[in-house]
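Notes follow once the structure below has been shown.
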Amino acid sequence: MTGRRWTWRDGHRRLGIPSPPLLPTPKPPRRATPPTAHAMASTSLAALPSQLASPGRLRLRRGRAALSSTARPHVVLHRAPRGGSRCRLAVTCNAQAVAPTSIAQGTPVRPTSILVVGATGTLGRQVVRRALDEGYDVRCLVRPRPAPADFLRDWGATVVNADLSKPETIPATLVGIHTVIDCATGRPEEPIRTVDWEGKVALIQCAKAMGIQKYVFYSIHNCDKHPEVPLMEIKHCTEKFIQDSGLDYIIIRLCGFMQGLIGQYAVPILEEKSVWGTDAPTRIAYMDTQDVARLTFIAMRNEKATKKLLTFAGPRAWTTQEVITLCERLAGQDANVTTVPVAVLRFTRQLTRFFQWTNDVADRLAFSEVLSSDTVFSAPMSETYQLLGVDANDILSLEKYLQDYFTNILKKLKDLKAQSKQTDIFF
């Protein structure tokens, strides 16, 4: 990866994103039988933390990596001086190998046994629903929460409580699992690195130690081209970590979800509230999460997709203004648009970086750098469709998705004899 290095400055102190030691990639031992639930259950869970220990500090320098044996590993991302040479993010394996566990005879782990991490999210719930419809045995890893995820149980999934930020809770959720589908991401109020980096590292290392057969990871399109954005840099580092772990994997880069446009644009227009947008020329090829889930399971069943990095993109890339115009046309009313210049977002990010208690806000606002870069979040899908044996006409377009939404909502409003100004109706 080339590009300007991201530096998080707090006064004169330089902070970095922690990085674990990457597991070596030894050739897997030949096995007469597939991993068994009995054998994995007999693995000492108490021994896993020591197996997954992170000995050393990994400092990423310009073109090289150095390891110190006295501290926890970190990745220190440096910004290249203006006009200077670009730095390459070197990711190397420095961890002590996890000894393969001897597999005894027992009940084989079924290929249909999957664990969905982040099952309550926008994408995760669609993955769960699709898996159940296709006959998979679905286990959902969710955090302990005051309001339990009863809808997952109602659908027929098994719910287990664990927290990626607490690695000791992870191993038990992997017993008897063949495939892990990682849809998780941190909550807005959390530091980005807590779940998206440290938690994912613990999950991947546990999956490797316990013999998980396949790992599916959702990433962000163009994450390797924007190291100045913390979340995108973390996603790219996680991709490298998975590729070097020795697991069979499928990495899927996504551009954007259609579902997110409902709360951002469609509902405020119907309620005649302000719609917030930017003057950025960035274009995004949104895709329906149901299509993402469907293509994911097609890829899982296709051996040619193993150890591939795929990009899922919608049929067309849209700017913010084009999405708002489409919503106005389908809703039959004008939107009250409040435009926020990208320069204001960039200034706000620079301001919040000066204070420790607003660092997380600065990380979230880092996407303003992407918005101002005239990036197109889209990718040609012809090769992907050919690999997966999918007809491009079966992918839902944004026009059809929003048309169906507004048609159903306006019909319900008409049946209720409601006016669009009634704010006691929530969508």
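The values are calculated or read from the model by the stated rules, or taken from the named source; none is laboratory data. Predicted, not measured: the structure shown is a model, and the values here were computed from it. Every residue, glycine among them, receives a Cβ derived from its backbone with ideal geometry; neighbour counts consider all protein chains shown. The area values use the complete protein model at the heavy-atom level, side chains included, leaving out ligands, DNA and RNA. Shrake-Rupley method; radii C 1.70, N 1.55, O 1.52, S 1.80 Å.
In region 194-214, what count of residues is obtained for those that are over 16 Å from Lys240 (Cα atoms) and under 14 Å from the mean Cα position of the chain (by Cα)?
2
Check Arg187 against each of (1) free of Cβ contacts under 8 Å to residues at least 24 places away in the same chain; (2) in contact with a helix residue (DSSP H, G or I) (Cβ under 6 Å, 6 or more places away or on another chain) and name the one condition it does not meet.
Only one criterion is unmet by Arg187, namely (2).
State which residue pairs qualify: first residue free of Cβ contacts under 8 Å to residues at least 60 places away in the same chain and inside region 210-225, second residue part of a loop (DSSP other than H, G, I, E, B) in any location, beta carbons under 6 Å apart, and separation of 6 or more residues or different chains.
Tyr215/Leu247
Just one of Asp154, Asp182 is open to solvent by 30 Å² or more (accessible area, probe 1.4 Å), acidic (Asp, Glu) and either within 21 Å of Phe257 (Cα to Cα) or out of contact with any helix residue (DSSP H, G or I) (no Cβ under 9 Å at 6 or more places or on another chain) (or both); which is it? If you could, list the steps in order and put the result at the bottom.
Details: Asp182 fails: open to solvent by 30 Å² or more (accessible area, probe 1.4 Å).
One residue alone meets the criteria, Asp154.
Out of everything in region 271-308 that is among the acidic types (Asp, Glu) and in contact (Cβ under 8 Å) with a residue 24 or more places away in the chain, what residue ends up being nearest to Gln386 (Cα to Cα)?
To start, the set of residues in region 271-308 that are among the acidic types (Asp, Glu) comprises 271-272, 279, 288, 291, 303.
Filter once more, keeping what is in contact (Cβ under 8 Å) with a residue 24 or more places away in the chain: 271-272, 279, 288, 291.
On the way: Glu271: 42, Glu272: 43, Asp279: 36, Asp288: 20, Asp291: 16 Å.
Only one residue tops the list, namely Asp291.
Are any residues in region 163-177 in contact with a strand residue (DSSP E or B) (Cβ under 7 Å, 6 or more places away or on another chain) and surrounded by fewer than 23 Cβ atoms within 10 Å (Cβ to Cβ), and if so, which ones?
Filtering region 163-177 down to residues in contact with a strand residue (DSSP E or B) (Cβ under 7 Å, 6 or more places away or on another chain) leaves 173-174, 176-177.
Once the filter is applied, which keeps residues that are in contact with a strand residue (DSSP E or B) (Cβ under 7 Å, 6 or more places away or on another chain) and surrounded by fewer than 23 Cβ atoms within 10 Å (Cβ to Cβ), region 163-177 yields Thr173, Gly176.
Exactly one condition in (1) at pLDDT below 95; (2) part of a helix (DSSP H, G or I); (3) out of contact with any Phe, Trp or Tyr (no Cβ under 9 Å at 6 or more places or on another chain) is not met by Pro281; state its number.
(2)
So Thr238 clears everything in (1) open to solvent by 20 Å² or more (accessible area, probe 1.4 Å); (2) more than 23 Å from Tyr385 (Cα to Cα); (3) under 17 Å from the mean Cα position of the chain (by Cα) except one condition, right? Which one?
With respect to (1) open to solvent by 20 Å² or more (accessible area, probe 1.4 Å); (2) more than 23 Å from Tyr385 (Cα to Cα); (3) under 17 Å from the mean Cα position of the chain (by Cα), Thr238 is out only on (1).
Taking the criterion of being at positive phi and open to solvent by 10 Å² or more (accessible area, probe 1.4 Å), would at least one residue in region 185-206 satisfy it? Explain how you work it out, then say what you get.
Going residue by residue through region 185-206, those that are at positive phi are none.
Looking for residues that are at positive phi and open to solvent by 10 Å² or more (accessible area, probe 1.4 Å), one finds none in region 185-206, hence no.
Looking at (1) free of Cβ contacts under 8 Å to residues at least 40 places away in the same chain; (2) closer than 27 Å to Leu402 by Cβ, which one does Pro268 not meet, given that it meets all the others?
The one condition Pro268 does not meet is (1).
Filter region 166-183 down to the residues that are within 12 Å of the chain's Cα centre (by Cα) and in a loop (DSSP other than H, G, I, E, B) and list them by number. Break it down stepwise before answering.
Of all residues in region 166-183, those within 12 Å of the chain's Cα centre (by Cα) come to 181-183.
Matches in region 166-183: Cys183 only.
Kindly evaluate His226 against the criterion of being buried (at least 22 other Cβ atoms within 10 Å of the Cβ) and out of contact with any strand residue (DSSP E or B) (no Cβ under 8 Å at 6 or more places or on another chain). Give the derivation first.
Numbers: buried (at least 22 other Cβ atoms within 10 Å of the Cβ): yes; out of contact with any strand residue (DSSP E or B) (no Cβ under 8 Å at 6 or more places or on another chain): yes.
Spelling it out, His226 is indeed buried (at least 22 other Cβ atoms within 10 Å of the Cβ) and out of contact with any strand residue (DSSP E or B) (no Cβ under 8 Å at 6 or more places or on another chain).
Between residues in region 315-341 that are over 20 Å from Tyr405 (Cα atoms) and residues that are among the aromatic types (Phe, Trp, Tyr), which pairs lie under 6 Å by C-beta distance while being six or more apart or on different chains?
Thr338/Trp276
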